[in-house]
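Read through the structure below, which is laid out as structure tokens, and then see the notes.
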Amino acid sequence: MRVTLLGTGDTTGTPTVGCDCDTCREARERGVSRSRFSVHVENERTGESLLVDFSPDFRSQFLDNDVPLPDAGIVTHIHFDHLDGLGNVYRLVDGLPVHAPSGTDPATDESVAETVRRKYDYLEDRIGVHSREPFEPFETCGLEVRFVPVDHPPLLCFGVVIEDPETGGKLSLTGDTSYDVPERSREALAGADLLLADAIVPASLCEHHPIGGRHEGPDGVPRTFGTKHMTREGALALAEDLNADRTRLVHVAHFYPPEEAFAEPLAVDGEVYRL
């Protein structure tokens, strides 16, 4: 698998539009970007590629990284920064299978797959939405894929496990989540060659959140920022628990102090890994 991190930022990205904070200035000076989340996974054996989440920055991401258009896509949840780029496939692809989780979300009264199908009904001649049961493996692009439930209230959200059945290479993505990832999902995500973990801010910023932090570790450091996302420290604790061979932190906000914002293992757009 050739894994390209197309988008490694949170909902506003870094640099953030109209922002002149020290971190956004540093990003501009370095010439680096964290656009909205998306990951391109190419099966180099078959020449097919899979897109994890459809960033609103779809067009610039594909132009900047010179990767092929996807042969299939998957959607982890319905927040705009992970879904709204799907509209970009109009006139670019024909017959694109899009895989999304089944299971009715109490917050929306429909599954992720049903929301995608309804919201993009005008693309019905371009895409086919396939509903997938959590934990049940399915094959696409010559790879085995599973959706695993995580914790991102108030919506249902899913992490993803992608494995190459020929080589055994394994990519795990936590999706947007707090540290409270269910045990069965942790078992599925464990042992990855590459783990992409949500780490929106450092734990030190929890004091600025209206409800603070949650899921403190033995050292008292919060592993969840508010209710929806992991802190850097939470993501690293999860990675250790999952015994990941390599970890990159994604869904990163511009609120990191500039001296920390580009330090390892925080990812930036354009990183490439072969598994």
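The values are calculated or read from the model by the stated rules, or taken from the named source; none is laboratory data. Everything numeric here is computed off the predicted structure, so don't read it as measured data. Note that we place each Cβ from the backbone using ideal geometry, even for glycine, and neighbour counts take in every protein chain shown. We work out accessible area using only protein heavy atoms, side chains counted, and drop any ligands, DNA or RNA first. Shrake-Rupley method; radii C 1.70, N 1.55, O 1.52, S 1.80 Å.
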Original post:
Taking the alpha-carbon centroid of each part, what is the distance from the range 85-157 to the range 39-69 in angstrom?
Top reply: 17 Å
**OP:** Can you give me the P(r) profile for the range 99-159? Cα pairs, bins 5 angstrom wide beginning at 0, each as a whole percent.
**Re:** 4, 18, 25, 24, 18, 10, 1
Original post:
Given 10 Å bins starting at zero, what is the percent of C-alpha pairs of the range 127-198 in each, up to the one with the largest pair distance?
Top reply: 21, 52, 25, 2
Subject >> Percent antiparallel among DSSP beta bridges (both partners in the range 163-259, rounded to 5) >> reply: 40 percent
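Once you have the Cα-Cα distance between residue 64 and residue 124, take 0.36 nm times their residue separation minus that, and quote the gain in nm to one decimal.
Net length gain for the segment: 18.8 nm.
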**OP:** Quick one: plug the Kirkwood hydrodynamic radius of the chain (C-alpha pairs) into Stokes-Einstein at 25 °C, 0.890 mPa s, and report D in µm²/s.
**Re:** 132 µm²/s
Original post:
Mind listing the phi-derived Karplus ³J(HN,Hα) values for the range 255-264, rounded to whole Hz, using 6.51, -1.76 and 1.60 with θ = phi - 60°, and x for any glycine or proline?
Top reply: 7, 4, x, x, 6, 10, 5, 10, 8, 4
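Restricting attention to the range 32-133, which GluC sites (Glu not before Pro) occupy a DSSP loop and are surrounded by at most 15 other Cβ atoms within 10 Å?
Details: sites: 42, 44, 48, 110, 114, 124; in loops: 44, 124.
Answer by residue number: 44, 124.
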**OP:** Rank 200, 135, 31 by how far each Cα sits towards the positive end of the charge dipole of the chain (+1 on Lys, Arg Cβ; -1 on Asp, Glu Cβ) and give me just the farthest.
**Re:** 31
Original post:
Under a 5 Å amide H to amide H cut-off, with H placed in plane at 1.01 Å, what residues pair with residue 44 once short-range neighbours are removed?
Top reply: 2
**OP:** Run the numbers on the range 119-203 and let me know its relative contact order in percent, using alpha-carbon pairs under 8 Å that are six or more apart.
**Re:** 21 percent
Subject >> Residue-wise HN-Hα coupling along the range 55-66, computed from phi with Karplus coefficients 6.51, -1.76, 1.60 (Hz; x: Gly, Pro) >> reply: 5, x, 8, 3, 4, 5, 4, 6, 5, 5, 9, 6
**OP:** Could you run the Karplus curve 6.51 cos²θ - 1.76 cosθ + 1.60 with θ = phi - 60° over the range 121-137 and give me ³J(HN,Hα) per residue in whole Hz, x for Gly and Pro?
**Re:** 4, 6, 9, 4, 8, 10, 10, x, 8, 10, 7, 10, 6, x, 6, 7, x
Original post:
Which parts of the range 215-252 would a label at residue 190 reach, counting a residue when its backbone N lies under 18 Å from a point 7 Å out along Cα-to-Cβ?
Top reply: 235-247
Original post:
How far, in degrees from 0 to 90, does helix 232-242 lean away from the longest principal axis of the Cα atoms of the chain, to the nearest 10?
Top reply: 60 degrees
Subject >> Anisotropy class of the range 73-190 from Cα gyration tensor, a/c 1.5 cut >> reply: oblate
Original post:
How long is the gain from residue 166 to residue 241 if the chain were fully straight, where each residue apart is worth 0.36 nm and the alpha carbon distance is subtracted?
Top reply: 24.4 nm
Original post:
Considering the zone a paramagnetic label at residue 274 would reach in this model (a point 7 Å from Cα along the Cα-to-Cβ line), which residues of the range 1-17 have amide N under 17 Å from it?
Top reply: 1-5
**OP:** Pull up all non-local amide H partners of residue 213: gap of 5 or more, or a different chain, and H-to-H distance under 5 Å with H placed in the peptide plane.
**Re:** 226
Subject >> Apportionment of accessible area to carbon and sulfur, the range 37-126, percent (1.4 Å) >> reply: 44 percent
Original post:
In terms of modelled amide H atoms, which long-range or inter-chain residues lie less than 5 Å from the amide H of residue 57?
Top reply: 36
Original post:
To the nearest 20 debye, what is the magnitude of the charge dipole of the range 160-199 about its Cα centre, counting +1 on the Cβ of each Lys and Arg and -1 on the Cβ of each Asp and Glu?
Top reply: 80 debye
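If you place +1 on the Cβ of every Lys and Arg, -1 on the Cβ of every Asp and Glu, and leave all else neutral, what size is the dipole of the chain about its Cα centre, to the nearest 20 Debye? Walk me through the numbers before you get to the answer.
Working: 25 positive and 49 negative charges, 66 e Å.
Result for the chain is approximately 320 debye, rounded to the nearest 20.
Counting Lys and Arg as +1 and Asp and Glu as -1, what is the net charge of the other residues whose Cβ lies under 13 Å from the Cβ of residue 190?
With Lys, Arg at +1 and Asp, Glu at -1, the net is -3.
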Original post:
In percent, what relative contact order does the range 130-258 have, based on Cα pairs under 8 Å that are 6 or more apart in sequence?
Top reply: 22 percent
